[in-house]
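Novice: Got a structure here, written out as structure tokens. Questions coming.
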Amino acid sequence: MAALCSEFGDLVQIKKQLISVISLCKERGLVHSVKWASELAFALDPLPKNELPPSATFTEEDAQDLDALGLAKSYFDLKEYDRAAYFLRGCRSQKAYFLYMYSRYLSGEKKKDDETVDSLGPLEKGQVRNEALRELRVELSKKHSAGELDGFTLYLYGVVLRKLDLLKEAVDVFVEATHALPLHWGAWLELCNLITNIDMLKSLSLPDCWIRDFFMAHMYTELQMIKEALQKYQSLIESGFSKSTYIISQIAVAYHNIRDIDQALALFNELREQDPFRIENMDTFSNLLYVRSMKPELSYLAHNLVEIDKYRVETCCVIGNYYSLRSQHEKAALYFQRALKLNPRCLGAWTLMGHEYMEMKNTSAAIQAYRHAIEVNKRDYRAWYGLGQTYEILKMPFYCLYYYRKAHQLRPNDSRMLVALGESYEKLSQHVEAKKCYWRAYSVGDVERMALLKLAKLHEQLNESDDAAQCYIIYIQDIFSCGEQLEHAEVSTALRYLGQYYFKNKLYDEASLCAQRCCDYNDAREEGKALLRQISQVRDHMEASSTELFGPLSSNNTPVRRVSPLDLSSFSP
């Protein structure tokens, strides 16, 4: 294969490399890598005939194995894996050896799935193992020690090690595979699933190749480093991949991860226009429609995907989301179970099924589902957060704290994780930590606008009236400035407290203003009127001048901390 370019200056060269690797992966039955490379190649301009890359070099061993390889590949394509392996036993070429070992691996995987698809429910499915793995590991290990594995077989060796939970060895082998054959996306993707944090990513010695930029962008998305991921994808678009549906889908997923719902929806709609029969990532699209309660659009998407292929994991997840939005949680859970029968490693289905069991108050099943999600991907913050919520229902705050901490580590700037952490600390009477969490949640951009309210109530509970008043003031200004009335907004609570606070501090004008505003809310109207009467009585009996009353010092000349008065003139509830 031609020398690899690390920059994107020569798109013709990149196109040639993609065409070459498509051919190599096709011969070995690596369909997902073929699809990925083909989508990228399609996004680049076609090559003239004289620029097309030559066919791969043909060795004497390839010639000897040609007929057996052709026969075995036909059986492989028909999913007759044992039959394919049988006819490849004596072959000596690298290509035939890979297909021989890969057929044995897939045969074991197929048997594992066939054994479990009817006999067990999806919650137990992950416990059944591929019996061929140990034999494959022994054979591949010998070849690896002798240095006889090419890039493709190294990839397969890594997959076997990963399936046997030998993760450290698997990482080393996948890194070796990317060096041996940098253009095989499958090896990069497997490596991606094993990297747990940014330090681990930085410690890896990866080949200097243009495909590394795609890997880094994908990795940043997985590690929730969305800003860096978007910058990478933007630079890839500017480099010449502007037509790539893969990049559009990845950017949409990145926006989904930071809850920029409008941007994500716009990109998914653009993606559907360009590739109307696409099923990949449509489960993520349905999550966005679910969050926005867009029932007609979600219904249309579900019907559309059923017409395309109703036995795809993504289709089952979309239908599950549709039923969940209609509050038919039993039906929703059934479709997520169907998704898991099709693919027990489907992360989204495990997490969503956990959510449905939570809705049905089946906490033990929810815990089991979330744990399976974490087994599939330890970086899934939703599963850790779900476990925290489940244990919160079970009134087990120490457990909550552990799981919410895990979720927070994965999403350090997500206010929901911080508020949940704060609540757990508060239940454990760790008030200093709780205050830090609530304030941090407000500082990073409180999505649900609950952090300040909780912080104010905690200060109030601890008789820290000045701090409580300050938090309530910022909370009220925050709620009014956002321009929309939130369902859980407790403006009346804040106004009630501030009215009493100002009254106690003899700031009667501010207290009167708060009391008047209390009258705008049903639940605070009587208290507002009572406070107005109290203020009126005090003013009637006032003997000292207003100057003395609002002086900066108290009678014993000790400085008193004052909260800046609340300016409500520009806000209206």
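Novice: Report, in degrees rounded to the nearest 10, the 0 to 90 angle that the Cα long axis of helix 465-481 makes with the longest principal axis of the chain.
Specialist: Its long axis makes an angle of about 60 degrees.
Novice: Also, quick follow-up: Can you give the local net charge around A177? Use residues other than it whose beta-carbon is closer than 11 angstrom to its beta-carbon, Lys and Arg +1, Asp and Glu -1.
Specialist: Numbers: positive: none; negative: D150, D172, E176, E190.
Local net charge: -4.
Novice: Given the C-alpha centroids of region 245-261 and region 91-105, what is the distance between them in whole angstrom?
Specialist: 38 Å
Novice: Can you list the aspartates and glutamates whose alpha carbon sits under 13 Å from that of K227, skipping same-chain ones fewer than 8 residues off?
Specialist: Within the straight-line limit of under 13 Å, K227 reaches these aspartates and glutamates: D260.
Novice: Once you keep just the Cα pairs under 8 angstrom separated by 6 or more residues, what percentage relative contact order results for the chain?
Specialist: On the way: 693 pairs, mean separation 37.3, N = 573.
Answer for the chain is 7 percent.
Novice: Follow-up. With everything on Cα atoms, drop me the angle between helix 363-376 and the longest principal axis of the chain, reported from 0 to 90° to the nearest 10.
Specialist: With both axes taken from Cα atoms, the answer is about 50 degrees.
Novice: With +1 assigned to the C-beta of every Lys and Arg and -1 to the C-beta of every Asp and Glu, and no other charges, what is the dipole magnitude of region 228-379 about the Cα centre in debye, to the nearest 20?
Specialist: Numbers: 18 positive and 17 negative charges, 105 e Å.
Rounded to the nearest 20 debye, it is 500 debye.
Novice: Let me have the relative contact order for region 408-474, percent, based on Cα pairs under 8 Å that are six or more residues apart. Provide the component values of the computation, followed by the final result.
Specialist: On the way: 76 pairs, mean separation 17.6, N = 67.
Answer for region 408-474 is 26 percent.
Novice: Related question: Does region 302-368 come out rounded, prolate or oblate by the C-alpha gyration tensor, with a ≥ b ≥ c the root eigenvalues, rounded set by a/c under 1.5 and, if not, prolate when a/b is larger than b/c and oblate if not?
Specialist: Working: a/c = 2.89, a/b = 1.45, b/c = 1.99.
In terms of gyration-tensor shape, oblate.
Novice: Computed FRET efficiency, Cβ-Cβ of Q231 and R259, R0 30 Å: what is it to the nearest 0.05?
Specialist: On the way: r = 19 Å, r/R0 = 0.63.
E(calc), rounded to 0.05, equals 0.95.
Novice: Measuring from label point to label point, each 7 Å out along Cα→Cβ, what is the L394 to R89 span in nm?
Specialist: If labels sit at L394 and R89, their model points lie 5.2 nm apart.
Novice: Now a separate question. As an exercise, take the mean of 1/r over every pair of distinct alpha carbons in region 104-262, invert it, and state the Kirkwood radius in angstroms.
Specialist: Working: mean 1/r = 0.0570 Å⁻¹.
Across region 104-262, the inverse of the average 1/r is 17.6 Å.
Novice: Additional query: Going by the alpha-carbon gyration tensor, a ≥ b ≥ c the square roots of its eigenvalues, is region 38-89 rounded (a/c under 1.5) or, if a/c is not under 1.5, prolate (a/b greater than b/c) versus oblate?
Specialist: Working: a/c = 4.56, a/b = 1.74, b/c = 2.62.
Taking the square roots of the gyration eigenvalues as a ≥ b ≥ c, region 38-89 is oblate.
Novice: Between D113 and V291, how high is the FRET efficiency from 1/(1 + (r/R0)^6) when r is the Cβ-Cβ distance and R₀ = 51 Å? Nearest 0.05. Could the numbers behind the result be given before it?
Specialist: Details: r = 32 Å, r/R0 = 0.64.
Given R0 = 51 Å and the Cβ-Cβ separation, E is 0.95.
Novice: To one decimal place, what orientation-averaged projected area in nm² is obtained for the convex hull of the Cα set of region 271-384? Could the numbers behind the result be given before it?
Specialist: On the way: hull surface 26.7 nm².
Reported value for the Cα convex hull: 6.7 nm².
Novice: Show me 365-376, 287-298 ranked by packing, highest mean number of other Cβ atoms within 10 Å first. List each step's numbers first, then the result.
Specialist: On the way: 365-376: 21.1, 287-298: 16.7.
By packing density, highest mean first, the sequence is 365-376, 287-298.
Novice: Also, quick follow-up: Within the P(r) computed for the chain, what percentage of the Cα pairs occupies the region above 35 Å? List each step's numbers first, then the result.
Specialist: On the way: 84121 of 163878 pairs.
Result for the distance tail: 51 percent.
Novice: Report the local net charge at L52: Lys and Arg +1, Asp and Glu -1, summed over other residues whose C-beta lies under 10 Å from its C-beta.
Specialist: Values: positive: K15, K16, K49; negative: E51.
That works out to +2.
Novice: Follow-up question, since we're still on this one. I'd like to know which of M360, C317, A43 lies farthest towards the positive end of the charge dipole of the chain, counting +1 on Cβ of Lys and Arg and -1 on Cβ of Asp and Glu.
Specialist: The residue sitting most towards the positive pole is M360.
Novice: Of L52, T351, N304, which is farthest along the charge dipole of the chain in the positive direction, counting Lys and Arg as +1 and Asp and Glu as -1 at C-beta?
Specialist: Working it through, the farthest residue towards the positive pole turns out to be T351.
Novice: Tell me, what HN-Hα J-couplings in whole Hz come from the Karplus equation 6.51 cos²θ - 1.76 cosθ + 1.60 at θ = phi - 60° for each residue of region 72-80, using x for Gly and Pro?
Specialist: Ordered by residue, 3J(HN,Hα) equals 4, 5, 5, 5, 4, 5, 8, 6, 9 Hz.
Novice: To continue, here is another question. If you add up the charges near Y521, with Lys and Arg at +1 and Asp and Glu at -1, over every other residue whose beta carbon is less than 13 angstrom from its beta carbon, what do you get?
Specialist: Numbers: positive: R496, R517, R525, K529; negative: E490, D520, D523, E526, E527.
Within the 13 Å Cβ shell, the charges total -1.
Novice: Here is a further query. Does anyone have the angle between helix 451-461 and the longest principal axis of the chain? Alpha-carbon axes, 0 to 90°, nearest 10?
Specialist: The angle comes out at about 40 degrees.
Novice: Another question, then. Using a Förster radius of 41 Å, what is the FRET efficiency between D540 and V444 based on their Cβ-Cβ separation? Nearest 0.05, please. It would help to have the intermediate numbers written out before the result.
Specialist: Details: r = 48 Å, r/R0 = 1.18.
So the FRET efficiency works out to roughly 0.25.
Novice: Same structure, new question: State the percent of C-alpha pairs, over all pairs in region 148-236, separated by a distance greater than 20 angstrom.
Specialist: 32 percent
Novice: Distance between the C-alpha centers of region 339-405 and region 177-218? Whole Å please.
Specialist: Taking the Cα centre of each part, region 339-405 and region 177-218 sit 29 Å apart.
Novice: Here are some pairs, K163/K406; K26/K341; K395/K457; K243/K406; K232/K310; K142/K341; which of them have Cα atoms lying more than 29 Å apart in this structure? Walk me through the intermediate numbers first.
Specialist: Values: K163/K406 24 Å; K26/K341 27 Å; K395/K457 21 Å; K243/K406 38 Å; K232/K310 35 Å; K142/K341 35 Å.
Beyond 29 Å between Cα atoms: K243/K406; K232/K310; K142/K341.
Novice: Now for a separate question. From the phi of every residue in region 404-415, what ³J(HN,Hα) in whole Hz does the Karplus formula 6.51 cos²θ - 1.76 cosθ + 1.60 yield, where θ is phi - 60° and glycine or proline is x?
Specialist: So the J values, rounded to whole Hz, are 5, 4, 4, 5, 5, 4, 7, 10, x, 10, 9, 5.
Novice: If you don't mind, another one. Counting helices only, and only those DSSP H runs with n ≥ 4, report the 222 nm mean residue ellipticity of the chain as the sum of -39,500 (n - 2.57) divided by its residues, in deg cm²/dmol to the nearest 500. Spell out each step's value before the answer.
Specialist: Values: 31 runs with 396 residues, N = 573.
Helices in the chain give a 222 nm mean residue ellipticity of -22000 deg cm²/dmol.
No value in this document is a laboratory result; all are computed from the given coordinates. As the structure is a computational prediction, the values presented were derived from the model and not from experiment. Quick reminder, even Gly has a Cβ in these numbers, built from the backbone with ideal geometry, and neighbours come from all protein chains shown.
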